[in-house]
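These notes are about the structure you will find just below.
Please treat every number below as a calculation from the coordinates, not as lab data. All figures in this text were calculated on a predicted structure; none of them were measured in a lab. Glycine also receives a Cβ, built like all others from the backbone with ideal geometry; neighbour counts cover every protein chain displayed.
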Amino acid sequence: MTVVPRGVALLGSTGSIGTTALRVMQRHPDRFRVRALTAFSNAALLREQVEQFRPAYVGLVRAAGEPCVEDWACGDDCLVGAASRDDVDIVLNAVVGAAGLDATLAAVRAGKRVALANKESLVMAGPLVREACAAGGGEIIPVDSEHSAILQCLAGRRPSDVRRLVLTASGGPFRTWSRERLDRATVADALHHPTWRMGRKITIDSATLANKALEVIEAHFLFGLPYDRIEVVVHPQSVVHSFVEMVDGSVLAQLGVPSMELPVLYALTHPERVADTGVPPFDPVELSPLTFERVREQDFPTLHLGVDAGRRGGAAPAVFNAANEQAVSLFLDGRIAFGDIPRSIASALSALESHVGTSRTALLDADRAARRHVREMCGC
Ligand code: NAD
Ligand code: MG
């Protein structure tokens, strides 16, 4: 059977997921054509990627004051520019943070598949993204390993077959730390993730468990389950990527060595499986033992702050997300302590309770207000 290659726009091509995705696509030149690449500021790496993959469209958002590059699109609009192109079938959104929202919306409105690593866009605007999918005929396929696992377990089942989802969490670098020690954790401590090599923001999110809160909300919107049927369990080895419990009590799981190559490939090819040798062979003995623990909710308050914001709905998930992004950025800059991250988020959520609108404008307002609130709290 001849395979027609699918056009891919890769947003955030210079990041951890972006470079992983290029490695995956390079192994399957008959299946994927890279039509567009965008990055924030690393023009040198982007140029190397352009030389190798020869996309028709290149976008560099660039920091204020940096010059544009001739022949490349520049500024925030290049994400939507790449995501809306006619020669693009799949938009792999691997941008970090709320900056990915408009591209997700534009792509699904244009009827495209979004292979979504940028969970923040779905968290802050789940109902809007759903509406845009319905209006434009687009779809969201998760890249996140937990959600990819759930999607793989759910293939061919009816929603009514499912009792609950159990997302696994590595527990991050502070899984065994006391609460007192946690409060004083340094940036270097927090960036030292035990099982995954990822961008800086998601690595800090894994240390606070904000990442798992974002993933619970992401799962709610992707799979349509209420929050009381989505649970989290700590699994330090990151081999079981998540569980699905069926109504009869049978439990399905998807396993694999911790690598984002498989979830990236699956998001591009779902529901098809494509032969691939990128992931090291699975050896259960080598990977043993596999262990599971309860989440220490009292010591990692960011998890329930996020899940509560998800339950509250309205603009609360957008406030949670933006307060977290701002607090993480201040922590990485050495301006606030690790323990200030949940304190900042809690304060923003209670100060901005009146933000309930869910239009794009209302959500962006709530996002800005939450960032301002967190900066004011630290006097930054
Ligand atoms: P990263 O920091 O390594 O890369 C981010 C990419 O986005 C870079 O190419 C950067 O140039 C671009 N970018 C940053 N800010 C931008 C902006 N304002 N406008 C446009 N582009 C911008 O991050 P990452 O680890 O690759 O994560 C990307 C996304 O994937 C995040 O949402 C993260 O939560 C999600 N994710 C990552 C992993 C992982 O293993 N790294 C796993 C699951 C989900
Ligand atoms: Mg994940």
Study note, to complete from the structure: Per the rule of 0.36 nm per residue minus the C-alpha distance, extending Ala337 to Arg130 adds in nm 70.9 nm
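Semi-axes of segment 159-203's equivalent ellipsoid from the Cα gyration tensor, sqrt of 5 times each eigenvalue, largest first, rounded to whole Å?
Working: eigenvalues 167, 42, 13 Å².
In descending order the semi-axes read 29, 15, 8 Å.
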Study note, to complete from the structure: In whole angstrom, the spacing between the Cα centers of segment 38-68 and segment 339-364 equals 33 Å
Study note, to complete from the structure: Nearest-0.05 FRET efficiency for Ala64 and Val187 at R0 = 22 Å, using Cβ-Cβ distance, is 0.35
Practice item. For segment 174-191 and segment 120-161, compute the distance between their C-alpha centroids and round to whole Å. Key: 33 Å
Review point. Amide H to amide H under 5 Å from Glu231: which residues, 5+ apart in sequence or cross-chain, H placed 1.01 Å off N in plane?
Key: Leu165, Val166, Leu167
Review point. If we count other beta carbons within 10 Å of each Cβ, what is the order of Phe292, Phe300, Phe223, fewest first?
Key: Phe292, Phe223, Phe300
Review point. Can you tell which of Leu101, Val58, Gly15 lies farthest toward the positive end of the dipole of segment 1-108, using +1 and -1 charges on the Cβ of basic and acidic side chains (Lys, Arg; Asp, Glu)?
Key: Gly15
Review point. What are the residues whose amide H is under 5 Å from the amide H of Gly357, where those residues sit 5 or more places off or on another chain and H is modelled from the backbone?
Key: Ala315
**Study point:** Kirkwood Rh in Å, taken over all unlike Cα pairs in segment 226-380
**Key:** 18.5 Å
Study note, to complete from the structure: The ³J(HN,Hα) series, computed from each phi in segment 128-145 with the Karplus coefficients 6.51, -1.76 and 1.60 at θ = phi - 60°, rounded to the nearest Hz and given as x for glycine or proline, is 5, 5, 4, 4, 5, 5, 5, 6, x, x, x, 9, 10, 10, x, 9, 3, 4
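Output the antiparallel fraction of DSSP beta bridges having both residues in the chain, as a percent to the nearest 5.
Details: 11 of 40 bridges.
Here the antiparallel bridges make up roughly 30 percent for the chain.
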Review point. What would the Debye formula give as log10 I(q)/I(0) at q = 0.07 Å⁻¹ for the alpha-carbon point model of the chain, no solvent?
Key: -0.29
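Among 313-323, 275-285, what's the highest-first ranking by average C-beta atoms within 10 angstrom per residue? Kindly include the intermediate steps, with their values, before the conclusion.
On the way: 313-323: 26.7, 275-285: 9.9.
Those peptides, ordered most packed to least, come out 313-323, 275-285.
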Review point. Taking R0 as 45 Å, what's the FRET efficiency between Asp308 and Glu51 from their Cβ-Cβ distance, rounded to 0.05?
Key: 0.40
Point to revise | Candidates Cys68, Cys153, Cys133: whichever shows maximal mean-square fluctuation once the chain is modelled as a Gaussian network with Cα springs under 10 Å | key: Cys68
Point to revise | Cα Rg, Dmax, segment 1-123, angstrom units | key: 13.3, 50
**Study point:** Under the Karplus curve 6.51 cos²θ - 1.76 cosθ + 1.60, θ = phi - 60°, whole-Hz ³J(HN,Hα) for segment 114-125, x wherever Gly or Pro sits
**Key:** 9, 7, 9, 8, 6, 4, 4, 5, 6, 5, 6, 9
Review point. Based only on the alpha carbon positions, what is the Kirkwood hydrodynamic radius of segment 143-219, in angstrom?
Key: 14.0 Å
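By how many nm would the segment from Ala155 to Arg179 lengthen if fully extended, with 0.36 nm per residue of separation less the alpha-carbon distance? Mind dumping the intermediate values first?
Numbers: separation 24, 0.36 × 24 = 8.64 nm, distance 4.03 nm.
So the extension gain works out to 4.6 nm.
Please give the calculated 222 nm ellipticity per residue for the chain, where each DSSP H segment of at least 4 residues contributes -39500 (n - 2.57) and the sum is spread over every residue; nearest 500 deg cm²/dmol? Please list the in-between numbers first.
On the way: 17 runs with 169 residues, N = 380.
Per the formula, -13000 deg cm²/dmol.
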Exercise for review: Starting from the amide H of Arg33, placed 1.01 Å from N in the peptide plane, find each other amide H under 5 Å away whose residue is 5 or more places distant or on another chain.
Suggested key: Arg6, Gly7, Val8
Check your understanding: To the nearest 20 debye, what charge dipole does segment 262-380 have about its Cα centre, counting +1 at the Cβ of each Lys and Arg and -1 at the Cβ of each Asp and Glu?
Key -> 500 debye
Point to revise | Unit charges on C-beta of K, R, D, E only; dipole of segment 110-175, Debye | key: 200 debye
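Using the crude model of +1 on Lys and Arg Cβ and -1 on Asp and Glu Cβ, and no other charge, please compute the dipole size for the chain relative to its Cα centre, in debye to 20.
Values: 40 positive and 44 negative charges, 27 e Å.
So the dipole magnitude of the chain works out to roughly 120 debye.
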Review point. Quick one: Karplus J couplings for segment 170-184, per residue in order, coefficients 6.51, -1.76, 1.60, θ = phi - 60°, nearest Hz, x for Gly and Pro?
Key: 5, x, x, x, 10, 3, 9, 7, 6, 5, 5, 5, 4, 4, 9
